Amino acid sequence: MAERVIVVGAGVVGLTCAVRLLEAGHRVDVVARDLPRETTSAVAAGFWYPYRALPQERVAAWAATSYAVFDALADTDPDSGVRMVPGTQVFAGPARELWWAGSGPALERTCDVPAGWSEGWRFTTPVADTSVYLAWLVGRVEASGGTITRLNLGGLPGAGLVVNCSGLGARLLGADRTVVPVRGQVVYLEQFGLDHWWLDESAPTYVVPRQHDVVVGSVDVEGEWSRSPSSDHTEDILRRAAQLVPAVAGATVIRHKVGLRPVRPAVRLERVGDVVHCYGHGGAGVTLSWGVADEVVSLVER
């Protein structure tokens with residue numbers, strides 16, 4: 001039976017849950033303190049890769065669902081801002097087995113890696129340009145009759161079905177102190193002809209090409225709430241990235257941004273009374289979004 005559902009949170013997870021709920025016939029209103037372009041999702045490179053999210057078994061399943069959806073979007077809807085992009089994850093020693101192997105991309109071991117690394121895994125993965133993709137999700141919500149409203153909540157709505165996708169806001173709205181910020185910083189460069197991504201998870205360091213820019217990151221500072229870019233971090237990020245892709249050193253910097261990853265010991269996806277909690281996706285909000293959204297619909301309809 002169709003229900004009215006309030007989704008709290010307008011990042012990639014909240015918007016994707018809203019889309020799936022609307023497709024299932026529910027009436028959906030999204031409310032959030034931060035509108036989509038102001039969320040951590042807007043900072044993200046939009047690169048499919050399970051990062052800082054547990055438990056592994058559930059994360060791998062959610063990631064596999066999302067991979068399939070993104071792959072289809074890249075083929076059928078160029079307006080979504082999703083493309084399938086080849087790349088290489090590098091390792092200082094032998095390429096270790098990836099715990100999420102089998103969740104989507106076919107992995108190919110390679111020794112064709114930059115100096116300083118020994119081996120890597122080459123695979124093709126979705127990249128969702130969040131400057132385009134979030135607007136596309138908003139369009140999907142509104143075209144299906146949903147609404148998105150800025151609202152600074154002091155707690156979760158007390159009436160009707162609620163889907164809590166509030167990310168770090170769950171510390172207040174869900175009274176959950178186990179979700180903590182892990183600060184990330186990215187540098188956006190003018191696109192210099194790069195069509196292959198590179199990743200060294202150990203730092204973490206990544207260079208991700210999008211259609212109009214290249215996103216370079218990152219840092220991983222747990223417990224840090226500051227959203228102000230650090231010039232020291234920028235210099236370190238660019239130095240590490242240039243070791244992977246030397247052309248980074250001569251590229252034009254467009255801007256810097258900071259995002260606070262909502263990290264938790266395990267993703268919380270469960271129904272408690274009339275509230276479905278869906279938060280704690282760490283650095284994998286885009287990666288898990290369609291998988292967790294499908295599960296949210298099943299919990300709403302339970």
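Taking the C-alpha atoms only, the angle from helix 12-23 to the longest principal axis of the chain is near 50 degrees. Neighbour counting of Cβ atoms within 10 Å sorts the residues Tyr206, Tyr67, fewest neighbours leading, into Tyr67, Tyr206.
Per residue, the chain reaches -8500 deg cm²/dmol at 222 nm when only DSSP H runs of four or more residues are counted, each adding -39500 (n - 2.57).
Mean projected area of the convex hull spanned by the Cα atoms of the chain, taken over all viewing directions: 14.7 nm².
Based on the alpha-carbon gyration tensor of the stretch 124-243 and its eigenvalue square roots a ≥ b ≥ c, which shape applies: rounded if a/c is under 1.5, prolate if not and a/b is larger than b/c, or oblate? Verdict is oblate for the stretch 124-243.
Each label was represented as a point 7 Å from its Cα along the Cα-to-Cβ direction; for Trp225 and Asp75 these points are 4.7 nm apart. The stretch between Leu35 and Ala101 holds 20.4 nm of extra length on full extension. This uses 0.36 nm per residue minus the Cα-Cα distance. Kirkwood's formula applied to the C-alpha pairs of the stretch 1-40 gives a hydrodynamic radius of 10.2 angstrom.
Residue-normalised convex hull volume from the C-alpha trace of the stretch 40-171: 161 Å³ per residue.
Judged by the mean number of other Cβ atoms found within 10 Å, the most tightly packed of the peptides 31-43, 136-148 leads the ranking 31-43, 136-148. Backbone amide hydrogens, once placed in the peptide plane, bring Val263 within less than 5 Å of Val180, Val182, Gly282, excluding anything fewer than 5 places away on its chain. Compute the angle between helix 56-76 and the longest alpha-carbon principal axis of the chain, please, reported from 0 to 90 degrees and rounded to the nearest 10. Orientation of helix 56-76: about 80 degrees from the principal axis. You can think of it this way: the chain between Phe91 and Arg27 has 18.3 nm of extra reach, that is 0.36 nm per residue less the Cα-Cα gap. With a Förster radius of 25 Å applied to the beta-carbon distance between His212 and Thr149, the computed FRET efficiency rounds to 0.25. Coupling constants for the stretch 195-201 follow from the phi torsions by the Karplus curve (6.51 cos²θ - 1.76 cosθ + 1.60, θ = phi - 60°), and in residue order they are 10, 9, 8, 9, 9, 10, 5 Hz; glycine and proline get x.
What percent do you get for the relative contact order of the chain when only Cα pairs under 8 Å and 6+ apart count?
The normalised contact order for the chain reaches 27 percent.
When peptides 281-290, 83-92, 150-159 are sorted by average Cβ neighbour count within 10 Å, with the highest value leading, the order is 281-290, 83-92, 150-159. Summing Lys and Arg as +1 and Asp and Glu as -1 over all other residues whose Cβ lies under 13 Å from the Cβ of Glu222 gives a net charge of +2. Looking at the stretch 4-300, the DSSP beta bridges with both ends there are about 70 percent antiparallel. The stretch 160-175 and the stretch 42-108 have Cα centres lying 26 Å from one another. By how many degrees, 0 to 90 and rounded to 10, does the Cα axis of helix 285-300 deviate from the longest principal axis of the chain? It is inclined by approximately 20 degrees.
No value in this document is a laboratory result; all are computed from the given coordinates. Please read all numbers here as calculations on a predicted model, not as lab measurements. Counting neighbours? That spans all protein chains shown, and the Cβs are built from the backbone with ideal geometry, glycine included.
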